1. Of the residues in the range 79-100, how many are part of a helix (DSSP H, G or I) and either touching a residue at least 60 places away in the same chain (Cβ under 8 Å) or not hydrophobic (A, V, I, L, M, F, W, C) (or both)?
2. Just to be sure before I move on: is Ser108 in contact with a strand residue (DSSP E or B) (Cβ under 8 Å, 6 or more places away or on another chain) and surrounded by 21 or more Cβ atoms within 10 Å (Cβ to Cβ) in the structure I sent?
3. Of all residues in the range 32-65, which are within 16 Å of the chain's Cα centre (by Cα) and not hydrophobic (A, V, I, L, M, F, W, C)?
4. Out of Gly125, Gly112, report the one residue that is small (Gly, Ala, Ser) and within 13 Å of the chain's Cα centre (by Cα).
5. Could you list, in sequence order, all residues of the range 55-78 that are among the acidic types (Asp, Glu) and either buried (at least 17 other Cβ atoms within 10 Å of the Cβ) or part of a loop (DSSP other than H, G, I, E, B) (or both)?
Amino acid sequence: MKLFQIEEPDGSPVDPDAPGAAIGIGASARLAEVAVAVGGNAVTLADRDGYERDLPVPGPDAPLADWQVLFEGARLRAERALARPVTHAVLAFAPLDPALAAELLRASEAAGIDLLRIVSPIDLGADATPAEGAAILAEDMAPRPKAS
């Protein structure tokens, strides 16, 4: 058996305290979509072959655990596709009342995601899918790594 080590291009380890990627989650249909944006260009992420997993969107009256499962699944899909941690998200979901918004914040936090904002898909425009529009917004809102 041969072992090998993968390092960063400059050979230094990644800062574990640095913020991870920010994603967009579109939850305006029966199944959620996950997207990421770089430089204002968004792409919807898909599961790898053999690891496909549906992300059903819970109803407004669903328990917190169902929403947590959605956020965990979205994070897992993105981390597998990007090969890096995901720590932030913007959620495209409507209609929204304050009580549900508070539940969504708790569910995302339990799933290890800092929910930056919850937006209506209508507010994102028609140029992209809700997940892609949310990803562009997430890219803009995400904290930046500290300069060393």
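1. Here the count works out to 4.
2. Considered against the rule, which asks whether it is in contact with a strand residue (DSSP E or B) (Cβ under 8 Å, 6 or more places away or on another chain) and surrounded by 21 or more Cβ atoms within 10 Å (Cβ to Cβ), Ser108 comes out as yes.
3. Once the filter is applied, which keeps residues that are within 16 Å of the chain's Cα centre (by Cα) and not hydrophobic (A, V, I, L, M, F, W, C), the range 32-65 yields Glu33, Gly40, Asn41, Thr44, Asp47, Arg53, Asp54, Pro56.
4. Gly112
5. Asp61, Glu72
No value in this document is a laboratory result; all are computed from the given coordinates. Just so you know, these numbers come straight off a predicted model, no measurement behind them. We place every Cβ from the backbone using ideal geometry, glycine too, and count neighbours over all the protein chains shown.
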